[in-house]
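**Q** The structure under discussion is supplied below as structure tokens; questions concerning it will follow.
The values are calculated or read from the model by the stated rules, or taken from the named source; none is laboratory data. What you see is a predicted model, and the numbers here were worked out from it, not measured in a lab. So basically every Cβ, Gly included, is an ideal-geometry build from the backbone, and we count neighbours across all protein chains shown. Protein only, heavy atoms only, side chains kept; ligands, DNA and RNA dropped before computing areas. Shrake-Rupley method; radii C 1.70, N 1.55, O 1.52, S 1.80 Å.
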Amino acid sequence: MESQALVIATIGLLGVGAQWLAWRTGWPAIVLMLAAGFLAGPVAGELGFRLLDPEAAFGDLLDPAIGIGVALILFEGGLSLDLRELRHSGSAVWRLATIGVAVGWALGAVAASQIGGLAWPVAILFGGILIVTGPTVVIPLLRQANVQTRPNSILKWEGIVNDPTGALCAVIAYEYFRRVSESPNASIIEVVPPLIIAAILAGLVGYAAARLIAYLFPRGAIPEYLKVPVLFITVILVFVLTNKIEHEAGLVAVTVMGVTLANTGFSSIRSIHPFKENVAVLLVSGIFILLASSLDWNDLVYLDPTTEVGLRFVLFLLALLFVVRPLTVLISLLGSPVPWNERLFVAWIAPRGIVLVAISGLFALRLADLGYSDGQVLTALSFAVVVTTVIAHGFTINLVAKWLGVKGTSRPGLLIVGSTPWTIALAKEMQALKTPVMIVDPSWQRLGAARREGLPFYHGEILNEATEHNLDLAPFQVLVAATDNEAYNALVCNEFAHEVGRDSVYQLGENVEDDDKHALPESIRGRALFKSGFGVTDVNERQQQGWVFRKTRLSDEFDFAQAQEKLPDSANMLLLVRASGTLRFFTHAAVPEPRPGDTIISFTPPQIKKPEKMQAKRAAKEVGRDTDRDNPAKPQAT
């Protein structure tokens, strides 16, 4: 028991640690998790002090634990998909989920057999698994690269839809070869239709479970504190029961359940999102560390390129990158309205993830039981596919997206909630600095000033669920809530803190003491704009008094201290814009460190001309008039 507890703690430490290191470095998390598990398992084992040996620690519990973890990951992925997104990429997704599956399966199997040297049964099964593209890898890469809406949506949907499809293809292949081994005269007609019927039944079970949850939750049948536990237990129960219909049919059921819940529109879905995403991070981290550390050093000799077998596998990986995937996508999208640059981008991006490794590891054992020795290399080969595709696509996605012209706005943007004279003035300053800006307001009348100034705007309620599907938040790094209602500003910041980041949501309003029972608690507010914490009334009054925004650019010759001296004493610095476009705000809690090349935006009082300067200017004008009279050849000003 103590050793098992230590293994669980080590897995958690390595998994979450790899995720944190990925956040700090910007490297693909899945590569770091693989490295952590690989070092703690086979590498440490070769050195004589293996830190993790999951099979020895968990025994027969390892496979069902991995299966349930994969099911929860697919359910979480299904929850992130709204059918309304298909308006951007619907036909392309269906083509990739039908034509692409058939073409990809066939090409992958041929490559695995003819190039990789695998036995045909193993190659056919592995070709079915290879059609998956891991959503847990694809979605972070797309977010990092800031890809345009349509290719982003195509790749995200393909990743979620093809995960259970790939599992089903592997099940079909395995069941066929299993029955052939039992009854050599069995035909494909006897095997495939029952499996498809089983998948349909599993999908119906998942759909029914989702509709039941959507009916019970809003009617108070389940108390609020039990909703998340009930939901997750239901997912596990659906997965286990539908697996009784057919092996791995549960993956289809939980995916259908997640997509159905995402599209029923019941209010409880919002309260589930933060928790289910946290669970997904833990599951992805844990499962990947488990599988990577379960590898045996002897399995890795198959990947040694100095041997004939290893060289064949290297050539297979190259064929997968440069032949199988491109041909699959280009054939599938022939005649579609998707532009060629987007087709080529989709054809290149196909990183594999946790589901490929989990399913390969599961069937590797089963194929070995059927007498196919090549089944033993599937786990090592699946890891090689994951590493190769993640590195190849993860480190080139920005370059390829830029080259093919599918990148979104490169400079970080500012989303402003509330159309007021103050926000209009701020938006104009940001637009002059080439910063993407968008003003959101539900009132068409209040947006009139933004329209007259030619500023980008969105007419709608930012808190409305429909806004999530009509307003692309990807280009915006920072949200500023600056309506005339401070409580509403706090509500907006609290709602979007999880999506944009708690450190990237700001609002007008003074900082308050934690023990002030009359004020909104800081935990639900955005960060207060301005170091002095100006409130809504403060900026409105100053706006009426003629206060304006001013830009000050820093350089090696003109530093921050000199910039402060140039500003009036009552001026307030609001934010600085880095040369890269990154936005940093001056708040009550933090003051950014200015650098040469930064541009500081300040909210300052109008410049009042001193009497001495006004008299000097009038005197200069008089001198000019006298000069004009004395020089009749020079035309006089009228």
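**Q** Sort 121-127, 59-65, 211-217, 35-41 by packing, meaning the average of other beta carbons within 10 Å per residue, with the highest value first.
**A** 121-127, 35-41, 211-217, 59-65
**Q** Follow-up. Shape of the stretch 15-68 from its Cα gyration tensor (a ≥ b ≥ c, root eigenvalues): rounded if a/c is under 1.5, otherwise prolate when a/b > b/c, or oblate?
**A** Oblate, since a/c reaches 1.5 and b/c is not below a/b.
**Q** While we're here: If you put +1 on each Lys and Arg Cβ and -1 on each Asp and Glu Cβ, how big is the dipole of the stretch 95-198 around its Cα centre, in Debye rounded to 20?
**A** 360 debye
**Q** Measure off 7 Å from each Cα along the Cα-to-Cβ vector at TRP94 and LEU370, then give the distance between these two points in nanometres to one decimal.
**A** For the pair TRP94/LEU370, the computed spacing is 3.3 nm.
**Q** Kindly report, to the nearest 10 Å², the accessible surface of SER113 as traced by a 1.4 Å probe over protein heavy atoms only.
**A** Accessible area of SER113: about 10 Å².
**Q** Another question, if that's okay. Give the ranking of LEU295, LEU107 by solvent-accessible surface, highest area first, calculated with a 1.4 Å probe. Numbers along the way, then the final one.
**A** Numbers: LEU295 10, LEU107 55 Å².
Output order, biggest surface exposure first: LEU107, LEU295.
**Q** Then there is this: Just the accessible area per residue of the stretch 123-257, please: how many Å² with a 1.4 Å probe? Don't skip to the end; give the middle numbers.
**A** Numbers: 5530 Å² over 135 residues.
Solvent-accessible surface per residue comes out at 41 Å².
**Q** If you take every residue apart from LEU212 with its C-beta less than 14 Å away from the C-beta of LEU212, what net charge results, scoring Lys and Arg +1 and Asp and Glu -1?
**A** Its environment carries a net charge of +3.
**Q** Something else now. How much length would be gained if the chain were fully extended between GLU461 and ALA474, taking 0.36 nm per residue of separation minus their Cα-Cα distance, in nm to one decimal? Before the final figure, lay out the partial values.
**A** Numbers: separation 13, 0.36 × 13 = 4.68 nm, distance 1.79 nm.
2.9 nm is the gain from fully extending GLU461 to ALA474.
**Q** Run the quick spin-label model on ALA65 and VAL16: label points 7 Å from Cα toward the beta carbon, then report their separation in nm to one decimal.
**A** 1.7 nm
**Q** Still on this structure: When a/c reaches 1.5 or more, the comparison of a/b and b/c decides; with that in mind, is the stretch 57-206 rounded, prolate or oblate per its Cα gyration tensor?
**A** prolate
**Q** From the residues VAL355, VAL437, THR379, which one has its Cα farthest along the dipole of the stretch 346-459 in the positive direction, the dipole being from +1 and -1 charges on Cβ of Lys/Arg and Asp/Glu about the Cα centre?
**A** Projecting each Cα onto the dipole axis, the largest value belongs to VAL437.
**Q** Which of the pairs LYS156/LYS434; LYS156/LYS551; LYS407/LYS551; LYS156/LYS531; LYS156/LYS227 have their Cα atoms more than 32 Å apart in this structure?
**A** Over 32 Å Cα-Cα: LYS156/LYS551; LYS156/LYS531.
**Q** Full extension from ARG595 to TRP120: what is 0.36 nm times the residue separation minus their Cα-Cα distance, to one decimal in nm? Working shown, then result.
**A** Numbers: separation 475, 0.36 × 475 = 171.00 nm, distance 6.17 nm.
Computed gain between ARG595 and TRP120 is 164.8 nm.
**Q** If Lys and Arg each add +1 and Asp and Glu each add -1, what is the summed charge of the other residues whose beta carbon sits under 9 Å from the beta carbon of GLY581?
**A** Net charge around GLY581: +3.
**Q** For the stretch 533-577, rounded, prolate or oblate, judged on the Cα gyration tensor with a ≥ b ≥ c (square roots of eigenvalues), a/c < 1.5 rounded, else prolate if a/b > b/c?
**A** Values: a/c = 2.70, a/b = 2.35, b/c = 1.15.
Because a/c hits 1.5 or more and a/b exceeds b/c, the stretch 533-577 counts as prolate.
**Q** Here is a further query. Quote to one decimal, in nm, the extra length available between LEU399 and LEU334 on full extension: 0.36 nm per residue of separation minus the C-alpha distance between them. Let's see the in-between values first.
**A** Numbers: separation 65, 0.36 × 65 = 23.40 nm, distance 2.49 nm.
Extra length available between LEU399 and LEU334 comes to 20.9 nm.
**Q** Cβ under 15 Å from LEU320's Cβ, LEU320 left aside: what net charge do those residues give with Lys, Arg +1 and Asp, Glu -1?
**A** Net charge around LEU320: +3.
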